[in-house]
Structure formats: C-alpha cells, structure tokens
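Notes to accompany the following structure.
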Amino acid sequence: MVPTSVSIPEPIICAGCGEQVCDRFFLLAAGRIWHSICLRCSQCHCELQTHPSLFWRDGNIYCQQDYSRYK
Ligand SMILES: [Zn+2]
Ligand SMILES: [Zn+2]
C-alpha cells in the first residue's frame, strides 16, 4: 500500500487520533483517512507519510521494517 494524498469536501474522522480532519488534504491509507502526522508506525512511531510503503495488520500500521520483524 502506498499513502496517497486525496481531497474530498466532507468532514471526516482521522483513523489515527479520532479527531475531525479539517485540512483539505490528508492521507488515505489502508482504506482509512489519516492526518499526515497521525500516520505513524505503531512500533517505532516513524512518520509513514514519508515512506514509500506501509503495512496494515490487526488494526495497526507498521513501517516495512517493523512489519517484517513482527510477522
Ligand atoms: Zn489524526
Ligand atoms: Zn516502524
């Protein structure tokens, strides 16, 4: 999966923090909407918006490094 910047007019809720996303631009990853700052690896908390790929398993997101380590 690759994080993608998208833009829609509806108020939406961030899958990371549960707060409303007010910015017109946010990230769509794992089929959910995220603040760019909330899209972090659940293990090392690196910012996945800067990563070429991310991984999603059991409700948690991982960077490639941690996903390969914890599977
Ligand atoms: Zn958020
Ligand atoms: Zn990580």
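The values are calculated or read from the model by the stated rules, or taken from the named source; none is laboratory data. For clarity, every value in this text was computed on a predicted model and none was experimentally measured. With ideal geometry, Cβ positions are generated from the backbone for all residues, glycine too; neighbour counts draw on all protein chains shown.
Among the residues of region 48-71, how many are under 18 Å from PHE26 (Cα atoms), part of a helix (DSSP H, G or I) and among the hydroxyl-bearing types (Ser, Thr, Tyr)?
1
Determine whether region 13-24 contains at least one residue that is modelled with pLDDT under 90, over 17 Å from GLY59 (Cβ atoms), more than 16 Å from ligand 2 (Cβ to nearest atom) and buried (at least 19 other Cβ atoms within 10 Å of the Cβ).
Scanning region 13-24, I find at least one residue that is modelled with pLDDT under 90, over 17 Å from GLY59 (Cβ atoms), more than 16 Å from ligand 2 (Cβ to nearest atom) and buried (at least 19 other Cβ atoms within 10 Å of the Cβ), so the answer is yes.
The conditions are (1) touching a strand residue (DSSP E or B) at 6+ places or on another chain (Cβ under 8 Å); (2) not acidic (Asp, Glu); (3) not in a strand (DSSP E or B), and HIS45 fails exactly one of them. Which is it?
Failed condition: (1).
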